Amino acid sequence: MSVNPVHQTELESLLAISSGLNSTGGNDRLKNIMHQLLSDLCKTIKQFDVTDEEFWVAVNYLNELGGRQEAALLAAGLGLEHYLDMRADEKEAASGNDVGTPRTIEGPLYVANAPLSEGFARMDDGKEQAETMWLQGQVTDLQGNPVAGAIVDIWHANTLGGYSFFDQSQSEYNLRRRIRTGDDGHYAVRSIVPCGYGCPPDGPTQKLLTAIGRHGNRPAHVHFFVSAPGYKHLTTQINLNGDEYLWDDFAFATRAELIADPVKVTDNTVARERGIDGEHTEVNFSFALVGAADSNEEERGKRARVKE
Ligand code: MBD
Ligand code: FE
């Protein structure tokens, strides 16, 4: 990577030095990535004749983003987290291996170590006036055989689109549970029907989205991590059909295979069997897992998260 500085233009020389290419220490991959990023940034500054004032607005924006802990939210909103999914899908397709339930983004609001139950759990703390949701399904392999001992880690928003932990007004682990499947591979939870999420209206992510003419809303959805010994970890979500933002998600997570139809249950016998007082909404969603090639694939990807 050593280039004769005499033959470099002033900018090329600057970028080589500032990205560490001319230094002996440090990580070569990082140096090369920094070099590309800085080169692209300078090219953009030149192409748009970015003013000093605009540049410092952008620098200050990064401070605001970090100050509000919204960098991961912006990564979702700019479609970069979805782009990682597109790449993972592409690699999977190229490998020619069978695929199971499709992945979609994790988003920035997971909290690890939610209470663990066998087969069933109630997810809501009962404090909110909301439509009761009975969510159930099965974890299987690609042949449809039940997977026992799978952990279905579920998290979703309340009726205001807020997530416990991040929304301090909610109780600890409200609307967050892990269910371990038994021999039949089934999971079931009693919860409340979530509403869609909207970015904090006074935050830096919404500020940028508004400035480029976009909204910061997501359709009503439920997040899942599904994992089991011998199977590839699955990060996915389901969207509840009928939401106005179903195909207009600011985070680009909707996939046709991940849309679930909420069904109104009016049969009181069914309600009573479930311990629910009357009419409620049922949502069915099952997961097909792919066999793991190694134990690393069984784990969720590394990423800074709360409580792990
Ligand atoms: C969410 O609930 C979410 O799932 C994503 C991806 C981004 C912001 C809020
Ligand atoms: Fe979410």
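The values are calculated or read from the model by the stated rules, or taken from the named source; none is laboratory data. A quick note: this is a predicted structure, and the numbers were derived from the prediction, not measured. Glycine also receives a Cβ, built like all others from the backbone with ideal geometry; neighbour counts cover every protein chain displayed. Note: accessible area is taken over every heavy atom of the protein model, side chains too, but ligands, DNA and RNA are not part of it. Shrake-Rupley method; radii C 1.70, N 1.55, O 1.52, S 1.80 Å.
How many residues are under 23 Å from Asn241 (Cβ atoms) and not in a loop (DSSP other than H, G, I, E, B) if we restrict to region 180-197? Number of matching residues: 7.
The single condition among (1) more than 15 Å from Trp134 (Cα to Cα); (2) under 19 Å from the mean Cα position of the chain (by Cα) that Leu175 does not satisfy is (1). Across region 149-177, the number of residues qualifying as part of a loop (DSSP other than H, G, I, E, B), open to solvent by 40 Å² or more (accessible area, probe 1.4 Å) and either touching a residue at least 40 places away in the same chain (Cβ under 8 Å) or of a type in the set (Lys, Arg) (or both) comes to 2. Cβ-Cβ contacts under 8 Å between residues 6 or more apart (or on different chains), taken from a first residue in region 254-268 that is among the basic types (Lys, Arg) to a second residue that is part of a loop (DSSP other than H, G, I, E, B), are listed as Arg255/Pro102; Arg255/Thr104; Lys264/Glu279. Residues in region 77-100 that are more than 26 Å from Val139 (Cβ to Cβ) and within 12 Å of ligand 1 (Cβ to nearest atom): Gly77, Leu78, Gly79, Leu80.
Can you find a residue in region 160-167 that is hydroxyl-bearing (Ser, Thr, Tyr) and within 16 Å of ligand 2 (Cβ to nearest atom)? Yes - at least one qualifying residue is present in region 160-167. In the condition set (1) under 16 Å from the mean Cα position of the chain (by Cα); (2) more than 21 Å from Ala75 (Cα to Cα), Asp261 is compliant with all but (1).
The one condition from (1) assigned to a loop (DSSP other than H, G, I, E, B); (2) of a type outside the set (A, V, I, L, M, F, W, C); (3) without any contact (Cβ under 8 Å) to a residue 40 or more places away in the chain; (4) within 30 Å of Asp184 (Cβ to Cβ) that Asn113 does not meet is (3).
Please indicate, with yes or no, whether at least one residue in region 131-147 is open to solvent by less than 50 Å² (accessible area, probe 1.4 Å), in a loop (DSSP other than H, G, I, E, B) and either more than 16 Å from ligand 1 (Cβ to nearest atom) or farther than 25 Å from His280 by Cα (or both). The answer is yes; a qualifying residue exists.
Within the set Pro200, Pro146, the sole residue that is closer than 23 Å to Leu246 by Cα and out of contact with any helix residue (DSSP H, G or I) (no Cβ under 6 Å at 6 or more places or on another chain) turns out to be Pro200. Considering only residues in region 198-223 that are away from ligand 2 (no atom under 16 Å from the Cβ) and of a type outside the set (A, V, I, L, M), the one that is surrounded by the fewest Cβ atoms within 10 Å (Cβ to Cβ) turns out to be Gly213.
Of all the residues in region 101-116, those that are among the hydrophobic types (A, V, I, L, M, F, W, C), more than 9 Å from ligand 1 (Cβ to nearest atom) and farther than 18 Å from Phe287 by Cβ number 2. Within this structure, Arg68 passes the test of being within 16 Å of ligand 1 (Cβ to nearest atom), open to solvent by 90 Å² or more (accessible area, probe 1.4 Å) and under 20 Å from Arg305 (Cα atoms). For region 76-97, indicate whether the set of residues that are more than 20 Å from Arg300 (Cα to Cα), out of contact with any helix residue (DSSP H, G or I) (no Cβ under 8 Å at 6 or more places or on another chain) and of a type in the set (Lys, Arg) is non-empty. No: region 76-97 contains no residue that is more than 20 Å from Arg300 (Cα to Cα), out of contact with any helix residue (DSSP H, G or I) (no Cβ under 8 Å at 6 or more places or on another chain) and of a type in the set (Lys, Arg).
For region 78-101, the criterion of being surrounded by 12 or more Cβ atoms within 10 Å (Cβ to Cβ), closer than 27 Å to Val263 by Cα and in contact (Cβ under 8 Å) with a residue 40 or more places away in the chain is met by at least one residue. Just checking, does region 42-59 include any residue being in contact (Cβ under 8 Å) with a residue 24 or more places away in the chain and crowded, with 17+ Cβ neighbours inside 10 Å? No; the residues of region 42-59 include none that is in contact (Cβ under 8 Å) with a residue 24 or more places away in the chain and crowded, with 17+ Cβ neighbours inside 10 Å. Here Ser117, Ser39 are screened, and the one residue that is surrounded by 13 or more Cβ atoms within 10 Å (Cβ to Cβ) and either of a type in the set (Asp, Glu) or in contact with a strand residue (DSSP E or B) (Cβ under 8 Å, 6 or more places away or on another chain) (or both) is Ser117.
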